[in-house]
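Here's the structure we're looking at; comments come further down.
Each reported figure results from applying straightforward, stated rules to the coordinates on display, with no laboratory input. Keep in mind that what you see is a predicted model, and the values were worked out from it rather than measured. In this analysis, Cβ positions are derived from the backbone assuming ideal geometry, glycine residues included, and neighbour counts consider all displayed protein chains.
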Amino acid sequence: MSDSKNPLSPHLQIYRWHISSLLSITHRISGVINLFGLILIFFWLLLLSLGESNYELFLLITNSFFGKFILIGFTWSMSFHILSGIRHLAWDLGYGFEIKTANTSGIIVIISSLILTVIFWLFARGLI
Amino acid sequence: MNETRKWILHRISAVILAPLYLWLYFSFISLSTKNYSDAIYFFEKPFFEKLTIMLFFVGFFHAKISLNEIFEDYVHNKKIKDFANISTLILSIIIPLIILILLIYKI
């Protein structure tokens, strides 16, 4: 098989950390976390179809301290992946490759993902 | 599917997915403060039902391509990699299909 000769990426620990590499791996990790978020929504719909008593249990868990902690985590992961994804799309269109621009856009992604998480959560929970 | 087409479809699915996921996750968090009948009422709207089905199909398609790429980079053992890729393919078909059936026939 020809593809068994493909080179594999070196282990992550070998590299010295930069904003670019930090964001690159976080983009992948947040993407995988978002998949778990989508699977959670899948179970939400599954429980919804099983009737009211099962759904009450789900509400109890999502409104517990632990449940909220997880859901806020998913909110950040979604915010980060979408914003970082926009940065990737800009690169795909040929913009923002200069080291300085790439570092600045990286910092903007990190900060705005935190801001978006707070705003999203407050609006979604009806707190503002 | 050739790699260029995969690359392009991955980007297109990302653009479709971003607003859909923001919308459904927002609705999910909002509905977690409300009761069962509010949630049922939400999915009775045909437009919302269609958007949700679309989100699951596009979302798992996007996830499948991404995971294949991640396995390619980090999984060294070919057997494990093939198994991971096949499991991902099966899940990315089954879960959206279950959602399709649930939303059309049950909720």
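Miscellaneous remarks
- Full-extension gain in nm, A:R16 to A:F69, via 0.36 nm per residue minus C-alpha separation: 16.0 nm
- Between segment A:1-51 and segment B:39-107, the alpha-carbon center distance in angstrom: 14
- Sites A:L93 and B:I86, calculated FRET efficiency, Cβ-Cβ separation with R0 25 Å, nearest 0.05: 0.15
- Virtual spin-label span in nm between A:I25 and A:L50, 7 Å along Cα→Cβ: 3.7
- Pairs from A:K68/B:K106; B:K50/B:K106; A:K68/B:K64; A:K68/B:K45; B:K6/B:K79 whose Cα-Cα separation, in the structure shown, is over 19 Å: A:K68/B:K106; A:K68/B:K64; A:K68/B:K45; B:K6/B:K79
- Among B:L103, A:T26, B:F26 - extreme Cα towards positive end, dipole of the protein assembly as shown, charges at beta-carbon: A:T26
- Normalising the average separation of contacting C-alpha pairs (under 8 angstrom, six or more residues apart) by the number of residues puts the relative contact order of chain A at 30 percent.
- Taking label positions 7 Å along the Cα-Cβ direction at both B:N68 and B:E3, the computed distance is 1.2 nm, reported to one decimal.
- Cross-link partners of B:K34 among aspartates and glutamates, defined as those whose alpha carbon lies under 20 angstrom from its own and excluding same-chain residues fewer than eight positions apart: A:E52, A:E56, B:E44, B:E49.
- For segment B:3-106, a crude dipole built from +1 on the beta carbon of Lys and Arg and -1 on the beta carbon of Asp and Glu, taken about the Cα centre, is about 120 debye to the nearest 20.
- The protein assembly as shown gives an Rg/Rh value of 0.99, both radii derived from C-alpha positions and Rh following Kirkwood.
- Taking the C-alpha atoms only, the angle from helix B:3-31 to the longest principal axis of chain B is near 30 degrees.
- Charge dipole (debye, nearest 20) of segment B:1-51; +1 at Cβ of Lys and Arg, -1 at Cβ of Asp and Glu: 220
- Dipole orientation for the protein assembly as shown: of the candidates A:T117, B:F61, A:S84, A:S84 has the Cα lying most toward the positive pole (charges on Cβ; Lys, Arg +1; Asp, Glu -1).
- Segment B:3-106, relative contact order in percent, only Cα pairs under 8 angstrom and at least six apart counted: 32
- For the protein assembly as shown, the Cβ-based charge dipole about the Cα centre amounts to some 300 debye (Lys, Arg positive; Asp, Glu negative; other atoms uncharged).
- Coil-residue GluC sites (Glu not before Pro) of segment A:1-104, DSSP, other Cβ within 10 Å capped at 10: A:E98
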